[in-house]
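Novice: Sending over a structure as structure tokens; questions will come in a sec.
Please treat every number below as a calculation from the coordinates, not as lab data. Given the structure is predicted, the values throughout are model-derived calculations rather than measurements. Cβ atoms come from the backbone with ideal geometry, glycine included; neighbour counts cover every protein chain shown.
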Amino acid sequence: MKYSSIVERLNAPIDNIQLILFRILFGALLAWHCIDAMMTTWLDFVFIQPKFTFSHIGMEWLQPLAGNGMYYYYAVMAVCGVLVSIGLFYRYSLGVFTILFAGAYYMQKTTYNNHHYLMLLLCVIMLFLPANTSYAVDVKLNRSKRQDLMPAWCRFVLIFQISIVYFFATVAKLYPDWLDGTFIRILLSRFKMPILKEIFSYDWFIYSVTYGGLFFDFLIIPLLLYRKTRKYAFFAAIFFHMFNKALLAIGVFPFLALAFSVLFFPPEFFRKYFHKSNSVFQSMIPDSRNSKKILILFFLPFFILQLALPLRHWFIKGDVLWTEEGHRLSWRMMLRSRVGETKFLIVNNATNSKEFYDLDTLLTKSQIKQMRTMPDMIWQTAQIIKEQYNRKGIEISIYVDSKVSINNKPKLPLIDPNVDLAKAKWDYFAHNEWILLYD
């Protein structure tokens, strides 16, 4: 197919009801996510209790607001989510939410979740889509023109984004400890309720969950796209995501994943309940010139990056399952169990005296639990300790004794104990040699 023909098809006008419904659901879920964070102990646990948060490397200047500031921060985001849902000041509301959510996302990774990353990407995508041209307060206030059509690519980019998530989630599962049920067995063993514990111990159940998850991720998008299997795939998606919601602490993601379903059912399915006349379609054709510019200048490089990020670990020496280099932003979801122990030996360079650093004076218990198995967080901890001593005028070296077990295997050294982490650098794009490779 010629390039011009592809562009013409992507710019062909189609009914926008699917995008409108997705906007309503998406905004509501954004608001719910923020309200849930405020109503539970999550904000206090993640942003208020810690003395500092593990920001993404390079974003250390992003730290939580003092006192109850993060509650006000999330309250503003919740309001923005509601405004997005009802279509009031749509781009401004979504723009403010995107900036604030990006700040919260990059200022901590102790509770890193792939669905937070997905929500951020969707916020960026939705900023470029005409999602407030129908069933929106903006239309009632004449802040935007009523339209019932949109370029076909507006639906395609959302479907392509969720397809990327499922595809790379499938590829990541193709490793021995997933395929033989090891990880799922470990995951299900955490449930102590007698009835569940007995059911979850059966091999048939473990393999059902193992391969059910693998084939769901691989097949759900094609099955939703195909008219004859769409209905059955939708009910399978409800079962799959509600099962995960019941067993795993994964926030709004199951409902966000189900919200994508509106993009797969034909517009006629929804028009039965909304505007039934097609007469409005005759005069409301979107401007294709700006549409082509957005598609080519923004979305083309955007998705090239989305396809490249999950592949980058193949170009970094070592197994990403062990080194974690290239793990984040790659849709490697619910793949492994990591436990470990880490000690920081502080050597005074002037006196040559040695002492082990008391991590409880710096980190919360949850931060220590996460940090001791993650090389980047171990390195960040070393830099914070170095700064503490430097403020006292003491020059130190820091050596780390770290042993990690993946999926209940024997613990092995993760960090080279002979490397001074106070002087070590972090390399974003290549293997950090002070991270020992798994033998």
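Novice: Let me see the P(r) profile for the chain: every Cα-Cα distance counted, bins of 10 Å, each bin given as a percent of all pairs.
Specialist: P(r) over the chain, rounded to whole percents: 4, 18, 27, 25, 16, 8, 2, 0, 0.
Novice: Give me a comma-separated list of calculated 3J(HN,Hα) values for the stretch 316-321, in order, Karplus coefficients 6.51, -1.76, 1.60 applied at θ = phi - 60°, integers in Hz, x for any Gly or Pro.
Specialist: Once rounded to whole Hz, the list reads 10, 4, x, 8, 4, 4.
Novice: Same structure, new question: Show me the chymotrypsin sites (Phe, Trp or Tyr not before Pro) within the stretch 52-89 that DSSP assigns to loop and that have at most 10 other Cβ atoms within 10 Å of their Cβ.
Specialist: When the chymotrypsin sites (Phe, Trp or Tyr not before Pro) of the stretch 52-89 are filtered for loop state and at most 10 Cβ neighbours within 10 Å, TRP61 remain.
Novice: Could you list the residues of the stretch 304-332 with an amide nitrogen less than 17 Å from a label point located 7 Å from the Cα of LEU437 in the Cα-to-C-beta direction?
Specialist: The answer is 313-326, whose backbone nitrogens lie closer than 17 Å to the label point.
Novice: While we're looking at this one, here's another question. What is the dipole size for the chain, taken about its Cα centre, with +1 at each Lys and Arg Cβ and -1 at each Asp and Glu Cβ, in debye to the nearest 20?
Specialist: With only Lys, Arg, Asp and Glu charged at Cβ, the dipole is about 1360 debye.
Novice: A further question follows. Give, in whole angstrom and from largest to smallest, the semi-axes √(5λ) of the equivalent ellipsoid of the stretch 337-439, with λ running over the eigenvalues of the Cα gyration tensor.
Specialist: Equivalent ellipsoid semi-axes, largest first: 23, 15, 13 Å.
Novice: Further, regarding this structure: What length, rounded to one decimal in nm, is gained on full extension from PHE303 through to LEU214, with 0.36 nm per residue of separation minus their alpha-carbon distance?
Specialist: 29.7 nm
Novice: Show me 304-312, 29-37, 156-164 ranked by packing, highest mean number of other Cβ atoms within 10 Å first.
Specialist: Sorting 304-312, 29-37, 156-164 by mean packing, highest first, produces 29-37, 156-164, 304-312.
Novice: Follow-up question, since we're still on this one. Positive end of the charge dipole of the chain (Lys, Arg +1 and Asp, Glu -1 on Cβ, about the Cα centre): tell me which of ILE159, ALA172, THR53 has its Cα farthest that way.
Specialist: Of the options given, the answer is ILE159.
Novice: Checking understanding here: applying a Kyte-Doolittle mean of at least 0.0 and a length along the axis of at least 18 Å (C-alpha), which whole DSSP H helices in the chain pass?
Specialist: 17-39, 69-86, 90-106, 114-127, 153-172, 203-225, 227-247
Novice: Something else now. Quick check: pseudo-label points 7 Å beyond the Cα along Cα→Cβ at ASP401 and TYR232, how many nm apart are they?
Specialist: About 5.8 nm separates the two model spin labels.
Novice: Same structure, new question: Could you name the aspartates and glutamates whose alpha carbon sits less than 13 Å from that of LYS369, not counting residues in the same chain fewer than 8 places away?
Specialist: GLU341, ASP360
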